[in-house]
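Structure first, then comments.
The values are calculated or read from the model by the stated rules, or taken from the named source; none is laboratory data. Since this is a predicted model, take the numbers as computed values, not measurements. Every residue, glycine among them, receives a Cβ derived from its backbone with ideal geometry; neighbour counts consider all protein chains shown.
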Amino acid sequence: MSPYLSVFIVIGACLAAIGVLYLLGRVVSVSSATVEVLPFQSGWLPREHALSRFHARWYPMTLVFLAFDVEMLFMYPWAVVVAQMGAEAVIEMFVFLGVLLVGVVWAWREGAFRWV
């Protein structure tokens, strides 16, 4: 038995699943010849141009969201090794969360969370 046999089986199963899903999509989907094609899936006509400008208040909120998203990326590996490292890892995570809390307080004071 080849050591790569399991790899080829997984690749074959993935290709078969892709093929089945593609064919299922072709069978179930509605033909575009019978339906009026609109720019959005909801069927609503657009109210503004796609390249219209967003209000500047969205950008600070986006940056705060990215900061918390990156925080989650750091917390997953930490959760895996916290039992091995002990109290030192817990202290380091609280220091990290404290730095992020300072950033949230700063964003709050700057008005990043105000939706006026």
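Mind checking which residues of the stretch 1-47 are in a loop (DSSP other than H, G, I, E, B) and at pLDDT 75 or above? Reasoning before the result, please.
First, the residues of the stretch 1-47 that are in a loop (DSSP other than H, G, I, E, B): 1-4, 29-47.
Those that are in a loop (DSSP other than H, G, I, E, B) and at pLDDT 75 or above: Ser2, Pro3, Tyr4, Ser29.
Mind checking which residues of the stretch 12-24 are of a type in the set (Val, Ile, Thr) and more than 26 Å from the chain's Cα centre (by Cα)?
Of the residues in the stretch 12-24, the ones of a type in the set (Val, Ile, Thr) are 18, 20.
Within the stretch 12-24, Val20 is the sole residue that qualifies.
Which residue pairs have Cβ atoms under 6 Å apart, sit 6 or more places apart or on different chains, and have a first residue in the stretch 94-115 that is in contact (Cβ under 8 Å) with a residue 60 or more places away in the chain and a second that is surrounded by fewer than 12 Cβ atoms within 10 Å (Cβ to Cβ) and among the basic types (Lys, Arg)?
Listed by first residue and then by second, the contacts come to nothing, as the list is empty.
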